[in-house]
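What follows is a set of notes on a single structure, which appears directly below.
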Amino acid sequence: MNEFFGKIIALVDSTQLPQQLTDVDYVGLFSNPWFLVPFITMVCYMLWKQKWRDLLFVLIFIGLWWSSGTDYMQSLVVNGEVQIKKILPVLFGGACLLGLVIYILFGRSD
């Protein structure tokens, strides 16, 4: 099992995915018509079809993406040590968000 996760971590490291996510130009992305037109079209389609669950998932993803770039998230690890007083609110918020997603997916009936 350890080999399996080792291969996944090696794949993520070889693609440099975390570095690519931190180097995203948010202003450039949301002012680029090649991204903005399909994104607005998707959101309008979800509103028109009343796909509230899917729209909520898109908003959660955008919120997580935005919050991961804040100064607070960048200061969670200082000199290789996790700051426990700063990580606890993040863990609590993540647990609440995960509970909401599980409730939306499995707890409710449409």
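The values are calculated or read from the model by the stated rules, or taken from the named source; none is laboratory data. The shown structure was predicted, so the numbers you read here are calculated from the model rather than taken from an experiment. Here the Cβ positions follow ideal geometry from the backbone for every residue, glycine too, while neighbour counts run over all protein chains shown. Side chains are part of the model used for accessible areas, which takes the heavy atoms of the whole protein and leaves out ligands, DNA and RNA. Shrake-Rupley method; radii C 1.70, N 1.55, O 1.52, S 1.80 Å.
Worth a mention:
- Boolean, Gln19 is surrounded by fewer than 10 Cβ atoms within 10 Å (Cβ to Cβ) and free of Cβ contacts under 8 Å to residues at least 40 places away in the same chain: yes
- Taking the range 22-60 as the range and being open to solvent by 70 Å² or more (accessible area, probe 1.4 Å), at pLDDT below 85 and among the hydrophobic types (A, V, I, L, M, F, W, C) as the test, the residues that pass are Val27, Phe30.
Residues are listed down the side, and each one gets a yes or a no for (1) modelled with pLDDT of 85 or more; (2) surrounded by fewer than 10 Cβ atoms within 10 Å (Cβ to Cβ); (3) β-branched (Val, Ile, Thr); (4) under 20 Å from Tyr26 (Cβ atoms):
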residue	(1), (2), (3), (4)
Ser68	no, no, no, yes
Gly80	no, yes, no, no
Gly94	yes, no, no, no
Leu97	yes, no, no, no
Ile102	yes, no, yes, no
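- Looking only at the range 44-88, residues that are within 25 Å of Leu105 (Cβ to Cβ) and assigned to a helix (DSSP H, G or I) come to 22 in all.
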